[in-house]
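S.K.: Pasting a structure here, questions to come.
Derivation of every value follows stated rules applied to the coordinates shown; laboratory data play no part. What you are looking at is a predicted structure, and each value in this text was computed from that prediction instead of being measured. Every residue, glycine as well, gets a Cβ built from its backbone with ideal geometry; the counts of neighbours run over all protein chains shown.
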Ligand SMILES: C[S@@+](CC[C@H](N)C(=O)[O-])C[C@H]1O[C@@H](n2cnc3c(N)ncnc32)[C@H](O)[C@@H]1O
């Protein structure tokens, strides 16, 4: 996946590259055959595809725009192998694209509220990724809420990762996570926060995670 970062240098801000390299080196060591889930992905293909080969994108906002942004895979030099839409986006449907870009990658995009996808995902995750949770549509759940976060964090496999910007875990050790790296990761945001990568080192139940997170107040 390091080759992907190197090939995408024109798409990244130079000052985020050191942190991205650290993230990729950690994630590469993980040999778990589970998907990456990017919550509130928009069409941010470049940050998604450095985390794994099977990536689920979820974003409830303007599916057509998100879809055309996802197709910039062609722009970044990816070779599309297959693409299809099953059902209607935003009404339980999904768009699946298989392509080559330093290895074979599949992105599955859902134009839904993240909570709906989390409830359906039973197999677990290698990485849960959130980069800037706002703005959001009024009718969807808050990516920073204890309900969403506890469900999402509980899906991460042991030794798997939580990567975030602007959804930090103030006391990761209390909910079975350890902070592995911090650094700048680019985003359109009014806040100037760093990104953080956490590893799940211990299994607590969703209820226990929820209990600790309910006391966290985000800005
Ligand atoms: C500021 S944008 C960030 C986009 C992308 N992560 C990036 O860094 O380029 C936040 C995105 O999160 C999406 N979002 C927020 N809450 C969501 C939810 N509950 N379910 C799905 N998408 C959500 C919004 O629709 C919006 O596109």
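S.K.: If N is the number of residues in segment 81-176, what value comes out of its Cα radius of gyration divided by 2.2 N^0.38 Å?
M.R.: In units of the globular-protein estimate, segment 81-176 measures up at 1.20.
S.K.: Given bins 5 angstrom wide, list per bin the percent of all Cα-Cα distances in the chain, short to long.
M.R.: Spelled out per bin, shortest first, that is 1, 7, 16, 21, 21, 18, 11, 4, 1, 0.
S.K.: Continuing with the same structure: Taking R0 as 25 Å, what's the FRET efficiency between residue 211 and residue 62 from their Cβ-Cβ distance, rounded to 0.05?
M.R.: Details: r = 36 Å, r/R0 = 1.42.
Efficiency, rounded to the nearest 0.05: 0.10.
S.K.: Related question: What number, rounded to the nearest 500 deg cm²/dmol, is the helix-based mean residue ellipticity at 222 nm of the chain, given -39500 (n - 2.57) per DSSP H run of at least four residues and division by all its residues? Don't jump to the answer; show the numbers that get you there.
M.R.: Values: 7 runs with 56 residues, N = 219.
Dividing the helical sum by the residues of the chain leaves -7000 deg cm²/dmol.
S.K.: DSSP beta bridges in the chain, what fraction antiparallel, as a percent rounded to 5?
M.R.: Numbers: 24 of 43 bridges.
Within the chain, antiparallel bridges account for around 55 percent of the total.
S.K.: Take the alpha-carbon centre of segment 9-86, take the same for segment 134-178, and report the distance between them in whole Å.
M.R.: Spelled out, the Cα-based centre of one part sits 19 Å from the other.
S.K.: Specify, per residue and in Å³, the volume enclosed by the convex hull of the alpha carbon atoms belonging to segment 1-83. It would help to have the intermediate numbers written out before the result.
M.R.: On the way: hull volume 9.0 nm³, N = 83.
So the per-residue hull volume is 108 Å³.
S.K.: Determine the shape class of segment 88-130: with a ≥ b ≥ c the square roots of the Cα gyration tensor eigenvalues, call it rounded for a/c under 1.5, and otherwise prolate if a/b is greater than b/c, oblate otherwise. Working shown, then result.
M.R.: Working: a/c = 2.44, a/b = 1.33, b/c = 1.84.
Judged from the Cα gyration tensor, segment 88-130 comes out oblate (a/c at least 1.5, b/c at or above a/b).
S.K.: Over segment 123-169, with a single point scatterer placed on each C-alpha, what log10 of the ratio I(q)/I(0) does the Debye formula yield at q = 0.20, 0.21, 0.22 1/Å?
M.R.: Here the Debye-derived log intensity ratios amount to -0.66, -0.72, -0.78.
S.K.: Please list 86-97, 27-38, 103-114 highest first by mean number of surrounding beta-carbon atoms within 10 Å per residue. Please list the in-between numbers first.
M.R.: Details: 86-97: 14.7, 27-38: 17.9, 103-114: 19.9.
The peptides rank, most packed first, as 103-114, 27-38, 86-97.
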